[in-house]
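A short write-up of the structure that comes next.
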């Protein structure tokens, strides 16, 4: 090598300012992706045949026809049927235990009652049954239906309402096969097949 070149090179070289980087001699190699790809999926095989446009259209048509055939095959239960089943469950609970002091139970029953009244517009078969609950006990100014409608969401419940609920339970314990609760559950059972 030429000495003059070395001299010129040494004159132009300036050492770095500050301490030397301890990691300068280490080099990071580029990370290669494994055979499964970046997120664990297998890479596509270039030899694999691509689906044709016709198959894709047939697949979409099949999905479209499937969407229209579901409502014809599977019928979902109507809201009035669900609410009747919920009311039946509450009446069965009232048969077993006196829930006249249970405000959560009474509020739940009043909420179901309100939903059934709303359902009555779309399910006229409910009207006679709801009329019986509405007018229980016969000849009273404030009936069970009145209390169920008026006191939904209230923090307090009137004593006559709790007395009516208690009377329903006691009547059932004294004469289960002829009680008002028993007749109401039988009527619900006869209404359920009509509400699909």
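So residue 159 passes all but one of these: (1) modelled with pLDDT under 95; (2) within 31 Å of the chain's Cα centre (by Cα). Which condition number does it fail?
Of everything listed in (1) modelled with pLDDT under 95; (2) within 31 Å of the chain's Cα centre (by Cα), residue 159 misses just condition (2).
Can you find a residue that is at pLDDT 90 or above, closer than 17 Å to residue 172 by Cα and in a helix (DSSP H, G or I) anywhere in region 79-88?
Scanning region 79-88, I find at least one residue that is at pLDDT 90 or above, closer than 17 Å to residue 172 by Cα and in a helix (DSSP H, G or I), so the answer is yes.
Can you find a residue in region 129-140 that is assigned to a helix (DSSP H, G or I), free of Cβ contacts under 8 Å to residues at least 60 places away in the same chain, within 27 Å of the chain's Cα centre (by Cα) and crowded, with 18+ Cβ neighbours inside 10 Å? Spell out the reasoning first.
Initially, region 129-140 is screened for residues assigned to a helix (DSSP H, G or I), giving 129-134.
From what is left, the residues that are free of Cβ contacts under 8 Å to residues at least 60 places away in the same chain are 130-134.
Next, only the ones that are within 27 Å of the chain's Cα centre (by Cα) stay: none.
No, that holds for no residue.
Output the residues belonging to region 141-159 that are assigned to a helix (DSSP H, G or I) and surrounded by 15 or more Cβ atoms within 10 Å (Cβ to Cβ).
Initially, region 141-159 is screened for residues assigned to a helix (DSSP H, G or I), giving 144-150, 159.
The answer is 144, 145, 146, 147, 148.
Counting only residues that are surrounded by 14 or more Cβ atoms within 10 Å (Cβ to Cβ) and either more than 24 Å from residue 195 (Cα to Cα) or free of Cβ contacts under 8 Å to residues at least 60 places away in the same chain (or both), how many does region 104-128 have?
Quick first cut of region 104-128, residues surrounded by 14 or more Cβ atoms within 10 Å (Cβ to Cβ) only: 105-117, 119-120, 123, 126.
Adding the requirement that they be either more than 24 Å from residue 195 (Cα to Cα) or free of Cβ contacts under 8 Å to residues at least 60 places away in the same chain (or both) leaves 105-117, 119-120.
The qualifying residues number 15.
Is it true that some residue in region 102-118 is at pLDDT 90 or above and farther than 22 Å from residue 157 by Cα?
Within region 102-118, one or more residues are at pLDDT 90 or above and farther than 22 Å from residue 157 by Cα.
Of the residues 72, 94, which single one is modelled with pLDDT of 90 or more and assigned to a helix (DSSP H, G or I)?
So the residue among 72, 94 that is modelled with pLDDT of 90 or more and assigned to a helix (DSSP H, G or I) is 94.
What's the number of the condition residue 166 fails, among (1) farther than 17 Å from residue 86 by Cα; (2) within 35 Å of the chain's Cα centre (by Cα); (3) without any contact (Cβ under 8 Å) to a residue 60 or more places away in the chain; (4) assigned to a helix (DSSP H, G or I)?
Tallying (1) farther than 17 Å from residue 86 by Cα; (2) within 35 Å of the chain's Cα centre (by Cα); (3) without any contact (Cβ under 8 Å) to a residue 60 or more places away in the chain; (4) assigned to a helix (DSSP H, G or I), residue 166 fails exactly one: (3).
The values are calculated or read from the model by the stated rules, or taken from the named source; none is laboratory data. Every value quoted in this text rests on a predicted model; they were computed, and no experiment measured them. Please note: Cβ atoms are built from the backbone with ideal geometry, for glycine as well, and neighbour counts cover all protein chains shown.
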